[in-house]
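Q: I have a structure here, written as C-alpha cells, and I will follow up with some questions on it.
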Amino acid sequence: MSSSQYLIGIDVGGTKITIGLYSPTCELQQNYRIDSGNRSAADIEFDIRNAISELAKIQSSIVSVGISSAGPIDLQRIEISPVNIPGFRKFPLGAIVLDQLARNESKPKIAIQGDIIGMARAEISLDSTLQTSSAFLVNAGTGIGGALIANGKVLTGDTGNSGYFGHASVTFDGPTCKCGAIGCVEFYAGGSAMVSRAIENGVTQPITDFAELNSLAESGDQAARRTIEIGASAIAQATVNVMLINDLSKIICTGGVALSSEIFYQKFISDLALRVRPHAFLANLTVRKALLNSSSAELGAALLAREVVFSS
Ligand SMILES: [Zn+2]
C-alpha cells in the first residue's frame, strides 16, 4: 500500500455503529458514531451514507473497507442480521458502502467479519504472545460473543460466524431465547437480558439498562446481585465448555458488562476457576481484560481491510 491509500473500518454493534478512516498503517484519522438502537433501517442507512461521504472527502483514495458486525453475518453478500438490531435483517451493508464510495469515486475492496473476531484481530496486533499461543476472547456486553485465537490467527469458521457462542446453550431444557434456541447463555448473561431476568427475579425498582441494574446491585439489592451473578456463572460455564473442546487455558475478557461491573467480572473469574477444577489439563487458567476498550472491533475492521489489500 502506498502512503496515500486509506482504509475504512466499520463496527456494527447493538447500540451504535462507528465508522473510521484509517491510514495505511491502521492509525485512526477520524471517525463517526451512529446510534443503532430503536431506529429504522432507512434512518440508519442515511447516517451511514453521510459518514462514508464525509470520510471520503478527507481522503479520496479509499482502497479497502473492513466491517466488523454483530452476527449473524453473510460473508459472501456482505449482509448483516444482528440479533440486537431488529431493523437489520439481511441488511446489505456492503452494497450500501460500495455504492456510496462509488458516488465519491472510490472503488475499494471490501470484507466482513464478526465483531468479536474483529476485537480478537485487534488484540493480536497488540499482544505478541498471542502469536504463539491459543486463547479465547469472551465479550460480555449487550450481546455475548467469543473468538478463538490460535498462533496469531482468529478462527473464522465456514461461514464467518465462529465464536457465535452467545447462542450456545447452557441449559438444554431451559427457556426459549429471542433467537429461537433453548437455554442460550445470552438469555442469562446478555446486558439487556439481565434487566428482564432481574424483574423476573424480584427486582421491584424501575430499571431500564444494565448500568442501572449494576448500581442497584452495588447498593445492596440482593435480587439484582443474584441476577448478575447468575449471568456471570452462565457465561463462565459456556467459556469452560469452549476451553474443554479446544484445550486452551488463556481467557481474555471484554465487553460493556464485564468492564463496567466488578460484581459480574469477579463472579466470572471465580466461577471459571471453580468450573475448570475437575479438568486437570486446564489448570493453567489465566484470565485478563482485553487491552483495548470497545473501539477494538473498529480497529479490527481496519486491520481486516489492510489484510485484504495485502492478500490480493
Ligand atoms: Zn439465543
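Readers should treat all values here as calculations from the given coordinates under stated rules, not as data from a laboratory. Treat the numbers as computed from the prediction; the structure is a model and nothing was measured. We place every Cβ from the backbone using ideal geometry, glycine too, and count neighbours over all the protein chains shown.
Q: Find the all-direction average of the projected area of the Cα convex hull for region 128-289, expressing the result in square nanometres with one decimal place. It would help to have the intermediate numbers written out before the result.
A: Values: hull surface 38.7 nm².
Orientation-averaged projected area of the Cα hull: 9.7 nm².
Q: Go from 0 up to the bin containing the longest alpha carbon distance in region 174-251, width 10 Å each, and give me the % of pairs per bin.
A: 20, 43, 27, 9, 0
Q: Any idea what the dipole of the chain comes to, in debye rounded to 20, about its Cα centre with Lys/Arg Cβ at +1 and Asp/Glu Cβ at -1? Display every interim value, and only then the final one.
A: Numbers: 24 positive and 28 negative charges, 79 e Å.
Dipole about the Cα centre, nearest 20: 380 debye.
Q: Within 10 Å, count the other beta carbons around each residue, average over each peptide in 83-90, 108-115, 19-26, and list them highest first. Intermediate results must be reported in sequence, preceding the final value.
A: Details: 83-90: 17.0, 108-115: 24.4, 19-26: 20.2.
So the peptides 83-90, 108-115, 19-26, ranked by packing, come out 108-115, 19-26, 83-90.
Q: Related question: What are the ³J(HN,Hα) values, in whole Hz, obtained from phi via the Karplus relation 6.51 cos²θ - 1.76 cosθ + 1.60 with θ = phi - 60°, for each residue of region 131-142 in sequence order, with x given for Gly and Pro?
A: 3J(HN,Hα) across region 131-142, in whole Hz: 5, 10, 8, 10, 7, 10, 8, 10, 10, 10, x, 3.
Q: Please identify the helices of the chain, taking whole runs of DSSP H, that span at least 30 Å along their own axis as judged from the Cα atoms and have a mean Kyte-Doolittle score of -1.0 or higher. All intermediate terms of the calculation are to be shown ahead of the outcome.
A: Details: long enough: 222-246 (36 Å, 0.55).
Once both thresholds are applied, what remains is 222-246.
Q: Related question: Rg and Dmax of region 211-312, Cα atoms, in Å?
A: Reported Rg and Dmax, both Å: 16.7, 56.
Q: Now for a separate question. For residue 287, list long-range residues whose amide hydrogen, built 1.01 Å from N in the peptide plane, is under 5 Å from its own amide hydrogen.
A: Here the answer is 251, since their amide H atoms fall under 5 Å of that of residue 287.
Q: Tell me, what are the semi-axes, in whole angstrom and largest first, of the equivalent ellipsoid of region 104-224 as set by the roots of 5 times the Cα gyration tensor eigenvalues?
A: Numbers: eigenvalues 217, 58, 55 Å².
With the √(5λ) rule applied to region 104-224, the semi-axes are 33, 17, 17 Å.
Q: Farthest toward the dipole's positive end in the chain, which of 69, 32, 263, given Cβ charges of +1 (Lys, Arg) and -1 (Asp, Glu) about the Cα centre?
A: 69
Q: Counting helices only, and only those DSSP H runs with n ≥ 4, report the 222 nm mean residue ellipticity of the chain as the sum of -39,500 (n - 2.57) divided by its residues, in deg cm²/dmol to the nearest 500. Let's see the in-between values first.
A: Numbers: 10 runs with 126 residues, N = 312.
-12500 deg cm²/dmol, from helical runs alone.
Q: Across region 282-289, in residue order, what do the Karplus-derived ³J(HN,Hα) couplings come to in whole Hz, using 6.51 cos²θ - 1.76 cosθ + 1.60 with θ = phi - 60° and x for Gly and Pro?
A: Going residue by residue, I get 9, 5, 7, 3, 10, 10, 9, 7 Hz, with x marking Gly and Pro.
Q: What FRET efficiency, computed as 1/(1 + (r/R0)^6) with R0 = 41 Å and r the Cβ-Cβ distance, is obtained for residue 46 and residue 182, rounded to the nearest 0.05? Working shown, then result.
A: Values: r = 38 Å, r/R0 = 0.92.
Between residue 46 and residue 182 the formula returns 0.60.
Q: Roughly what % antiparallel, to the nearest 5, for the DSSP beta bridges in region 128-289?
A: 60
Q: Could you list log10 I(q)/I(0) for the chain at q = 0.11, 0.15 Å⁻¹, which the Debye formula gives when each Cα is one point scatterer?
A: Computed log10 I(q)/I(0) values: -0.66, -1.16.
Q: What is the extension gain from residue 30 to residue 247, computed as 0.36 nm multiplied by their sequence separation minus the C-alpha to C-alpha distance, in nm to one decimal?
A: On the way: separation 217, 0.36 × 217 = 78.12 nm, distance 4.01 nm.
Extending this stretch completely gives an extra 74.1 nm.
Q: Cα centroid distance between region 4-83 and region 248-312, in Å?
A: Computed from Cα coordinates, the inter-centre distance equals 24 Å.
Q: Okay, moving on. Restricting to bridges with both residues inside the chain, how much of the DSSP beta-bridge set is antiparallel, in percent to the nearest 5?
A: Values: 27 of 48 bridges.
Taking every DSSP beta bridge within the chain, about 55 percent pair in antiparallel fashion.
Q: How about region 255-312: which chymotrypsin sites (Phe, Trp or Tyr not before Pro) there lie in a loop by DSSP and see at most 10 other Cβ atoms within 10 Å? Let's see the in-between values first.
A: Numbers: sites: 264, 265, 268, 281, 310; in loops: none.
Answer in residue order: no site qualifies.
Q: Test of understanding: ordering 279, 167 by Cβ neighbours within 10 Å, fewest first, what list do you get?
A: Working: 279 14, 167 22.
Ascending Cβ contact count within 10 Å gives the list 279, 167.
Q: Now a separate question. Counting other beta carbons within 10 Å of each Cβ, put 119, 1 in order, fewest first. Display every interim value, and only then the final one.
A: Values: 119 33, 1 15.
By the 10 Å Cβ count, ascending, the order reads 1, 119.
Q: Note the full-extension length gain between residue 218 and residue 107 as 0.36 nm times their separation in residues minus their Cα-Cα distance, in nm to one decimal.
A: Values: separation 111, 0.36 × 111 = 39.96 nm, distance 5.13 nm.
Contour length minus Cα-Cα distance gives 34.8 nm.
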